[in-house]
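What follows draws every value from the coordinates through simple rules; no lab data is involved. Keep in mind the model is a prediction, meaning the values are calculated, not measured. In this analysis, Cβ positions are derived from the backbone assuming ideal geometry, glycine residues included, and neighbour counts consider all displayed protein chains.
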Amino acid sequence: MPRVQSGRLRRLTAVAAAALMGVTVLLGLSAPAAAAPYYQRLHNQFGNRLCLDAVNDATSNPGHNGDRVQLWTCEPTNYWQWWEFQSAGTHNGNPVFKIVNWWGGTRCLDARTDGSTNPNVEGDPVQIWNCESGAANQLWQFERNTRRIRSLYGNQLCLDARYDAGGNPNQNGDKVQMWTCGGGSWQEWRRTEVSE
């Protein structure tokens with residue numbers, strides 16, 4: 001008798017499982033979808049606290065390889081200031097990211113190579129470029145304690161708001177460059193949600 005109940009129970013369990021699977025298919029349920037991109041603005045902490053901005057090109061969008069990155073007044077609906085930190089593993093136990101611009105979602109913050117093919121020199125510019133798997137000049141670490149954004153390529157220079165002629169990165173259009181990591185708020189970046 002227990003053996004019959006056990007068999008019956010197994011059959012009922014199998015039927016119930018099949019029914020549940022059928023309901024799942026009918027309702028179109030599936031595994032949870034990937035999370036939507038989480039975009040942030042990067043505010044430089046010096047002077048007027050301008051935002052990291054992908055420059056509009058001649059066609060009014062930063063959609064081309066080599067378009068440079070600049071500082072600009074932070075604007076909530078300026079999509080060229082929207083950046084996503086995409087996980088790209090770890091380095092020395094710390095998270096590594098690709099920093100992807102909203103426009104098209106395929107252009108990464110890129111430490112531009114100089115004539116020697118390395119972004120190893122202070123003053124080298126920063127640009128956007130097609131995101132490329134394994135491109136070390138597109139890998140960055142955000143140092144929470146210092147708020148610096150450090151490149152993992154070459155000499156591991158930091159993202160730096162370049163001084164303008166007046167000695168301040170205070171003006172719209174001021175460039176962003178690579179520079180030796182050190183003290184100074186021109187290398188400090190505050191990450192905020194795009195809704196802020």
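In terms of surrounding Cβ atoms within a 10 Å radius of their Cβ, 110, 124 rank from fewest to most as 124, 110. Shown is the FRET efficiency for residue 56 and residue 145, computed with R0 = 25 Å from the Cβ-Cβ distance and rounded to the nearest 0.05: 0.15.
What is the fewest-to-most order of 152, 157 by other Cβ atoms lying within 10 Å of their Cβ?
Details: 152 17, 157 22.
Listed from fewest to most nearby Cβ atoms, that is 152, 157.
With a Förster radius of 30 Å applied to the C-beta separation of residue 155 and residue 192, the computed FRET efficiency comes to 0.55. Extent of the range 82-191 along its three principal axes (Cα atoms, max minus min coordinate, largest first): 39, 30, 29 Å.
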